[in-house]
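Just so it is clear, none of the values below were taken in a lab; they were calculated from the coordinates. Note that the coordinates shown come from a computational prediction; the quantities given were computed from them, not determined experimentally. Don't worry about glycine lacking a Cβ; one is built from the backbone with ideal geometry, like all the others, and counts go over all protein chains shown.
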Amino acid sequence: MSILDLESFRVLFAQEAEGRLATLGQLALELEAAGNDEGIIAAIFREVHTLKGSAAVVGFGEVSGCAHRLEQRLEALRSGASPVSSELVDALLQALDELSALTAQAVGGEVAEVGLKPLTIPTVSLPSPAAPAVRPPAGTHDAGVVMVPLERLDELIRLVGESAAAHLRVGRLLWERLGLEPAGIPEFSELSRTLNDLQERTMRTRMVPVATMTDQLHRAVRDLARTLGREVAWEVRGGDTELDRGVLRQLSDSLLHLVRNAVDHGVEIPEERVAAGKPPQGNILLHAMQLGSEVVIAVTDDGRGIDVSRVRSQAERQGIETAGLSDEEALQLVFRSGLSTAHFVSDVSGRGVGLDVVEASVGAARGRIEVRSVAGKGTEFRLIVPISLAVLPCLVVAAGDQHFALPMHSVILARADHAGDTAHAEERSAVWIGGMPVVVSSLVGTLGMPSTPPAGPVVILESGARRYGFQVDALVGQRDVVVKDLGQLLPRLGVVQGAGVDPDGAVLVVLDASGLIERAWQSGPAPADSPPTSAVREPPPASGVILVVDDALTVRELQRSILERAGYRVRLASDGTEALAALIGEPVDLVLTDVEMPRLDGFGLTEAIRSHPAMANTAVLILSSRASDEDRVRGMEAGADGYIIKSAFDERGLLTAVEQLLGSRG
Amino acid sequence: MGPDLYAVPMDGVRKVVRAPLLTKLPTAPALVLGLFNLRGEIVPLLDTPALMGLSRIPDWPFVAVVRSSLGLAGLAATAFPEPAALGEPVGPSESPATAGTYAVGGRLAVLLDIEELLGGASRRGNHLLARPSMQGTG
């Protein structure tokens, strides 16, 4: 075998070993949970044996020696001479760590020797991902997987976004120069559809299942429980839930913190549990699920719960008034720095960081965190994050001489500034929102840009429990913005989250709600007796479940955000067939559907719903770009309850139609 | 820039564009003139003389887009940037982030060190790019 051949086999071995070691780690943890399970023991034995053989073939003596020693220990297990115990699993995991280190060493060293010398190349320009000891070359993998550098995917996403923007510009040109309605040109619509598909699929390339990081959490739970003398069963549900790799990575430290917290501060020692009438073994559950364009990851334990009175007394000692807070509100104070859920400070859960850091890092992923806890029963932390950081639904406003985008998830409401319900105090004006005064400043004034005082609508933003109103010149509309970081060249600006590109090619600055509120608050005196913060949220004004059916991602998300802000629960489907499947699984109150869609169109969907007895009560609202009377008639004949034209589409019109349909059924 | 000639190595220049459509970046340092779109990439336009600690540029009919390890940046210029071969070095230069003075035809050009100009500015922390300013960027 020539040196070159051997080298390529060693790279193959590296890939193989990585997979086998991951499987072995998982099997070891399963073995601990299952006890003397012959099937698992046999599987472990098989994996180790194969690894030993492969290592020997490519000449990695140390790796194969280590595997051999492990194999001998496993032999005793297989023959039943020694029972499965936590000590044995400890030893097994340690041996696997050792094998993994030896493999990395062997592969790294050998590759360098053959002439690639990756260790001698200064690695300044490319930030390498979390120390992959083994880096297979970008080529085809045996499982039909190609490894692609992340930058290349981002480049692809950028270009797809640029193509979609160019397409919109062409549409505008057709209308302005030739007077042609783009939606009426089949070729143009076809391209829209394809670009939409392309955009959605491209975004998906960055998505990974939550399961890619749960093994690491399982291992942390297990090791910590062993150290602290707890018995803990670990469970994962919804591990196949996908979200953006960047978001997941940003969350990994927070999740690690939360599960360690659950072991350390949540689950009691076995004696204490038994005394409290619980089984000696505690449970920690990680449950991931997708809700609309968000992913919820809940970490739940059945331990002692958080002692709210302790949280209150700790907070009071820091000078925080807690008398007016309900227990649930007081509980949220655990995210304040300096407060802890622990009875005494230990270094275990936090590795020196507290829940305030968790909240900050979840915030950085544009998410939020909530906690619920019942004394004696357990605690649940919920992380709610957007599926992708790439596309952000925004409200675009005009202020000064340019447009700004405000992230939709921070917008409470936007409305005209009616003189009737504004109040003034200490040179600031305020509006009444849900019975509470909310202070209002000029947006451009807050940004320090020269301007005349605006007289347009007020947009109320919320960040944490703080609300603040910003007056702008005009509301421009809602838009999904592909948000980009401003890069390393510019300093971090608190009020700016990033920037995107408008369809007309101009750069659109995306503002950060928390930074804006902070800055507005600092730039003037606060009214002494009417703080704008409000922990009391308005009750959702509307209720009902709506299924939004549209093949365009943007349209779906836009409608979702409008409806959700109005208080409806929203589910999504990308064509008629998918919608029908979703409806059979779980009925909804109203279906809002597009007409032109692949597989089954809106008319077909309406007819199918009407012919299904179980869905007789489901209202159907068709939203179409076809304005012809024939189409409207056809929609009514199919059994639709309402028909809205997209070009006449506005937020208010949509909500009015939905309210009418749901109200009349009420 | 104004009456002065400055040079950047050709291989560091990505493109030359004519007065791009500019979006102001609120709360940014004054020497960030704004952001513009270069084929889907968002590029900051920088006030070149201000970067070197000289007086602010009055207007910017042209922009040279340069590459650096920190990303793309637009350097504002008052006249059309043209390719030229630098002659003999004729002496050192005084401004920060420059690498000597060269003869070009009958004129003098100061060679800019892009990495130092951009990277240096962002590394120095309390200087230039890293210092937020309250004023608008127009």
For this session: Please pull out the direction-averaged projected area of segment A:4-72, using the convex hull of its alpha-carbon atoms, in nm² to one decimal place.
Result: 4.4 nm²
Exercise. Once fully extended, how much extra length lies between A:L173 and A:R249, figured as 0.36 nm per residue of separation less the alpha-carbon to alpha-carbon distance?
Worked result: 23.2 nm
Seminar exercise, completed: Lys and Arg at +1, Asp and Glu at -1: neighbours of A:L29 with Cβ under 9 Å from its Cβ sum to -1
Problem set entry | For segment B:45-50, Karplus couplings with θ = phi - 60° (6.51, -1.76, 1.60), whole Hz, Gly/Pro x | 9, 10, 7, 4, x, 5
For this session: Run down the aspartates and glutamates and flag those whose C-alpha is under 15 Å from the C-alpha of A:K484, throwing out any fewer than 8 positions away in its chain.
Result: A:E151, A:D154, A:E155, A:E162, A:D244, A:D502, A:D512, B:E41
For this session: Kindly state, to the nearest 0.05, the FRET efficiency for A:E181 paired with A:R201, given R0 = 25 Å and r defined as their beta-carbon distance.
Result: 0.35
For this session: Read phi for every residue in segment B:87-102 and hand back ³J(HN,Hα) as whole Hz from Karplus 6.51 cos²θ - 1.76 cosθ + 1.60, θ = phi - 60°, with x for Gly and Pro.
Result: x, 5, x, 10, x, x, 10, 9, 5, x, 6, 10, 10, x, 10, 10
For this session: Sticking with the crude label model, points 7 Å out along Cα→Cβ, report the distance from A:S543 to A:D504 in nm, one decimal please.
Result: 4.4 nm
Problem set entry | segment B:29-61-segment A:357-383 distance, computed between alpha-carbon centres (Å) | 42 Å
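If we count every other residue with Cβ under 12 angstrom of B:G100's Cβ, Lys/Arg +1 and Asp/Glu -1, where does the sum land?
-3
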Problem set entry | Estimated distance in nm for a label pair at B:S55 and B:A79, the labels positioned 7 Å out from Cα along Cα-to-Cβ | 1.8 nm
Problem set entry | For segment A:468-473, Karplus couplings with θ = phi - 60° (6.51, -1.76, 1.60), whole Hz, Gly/Pro x | 7, x, 10, 8, 10, 7
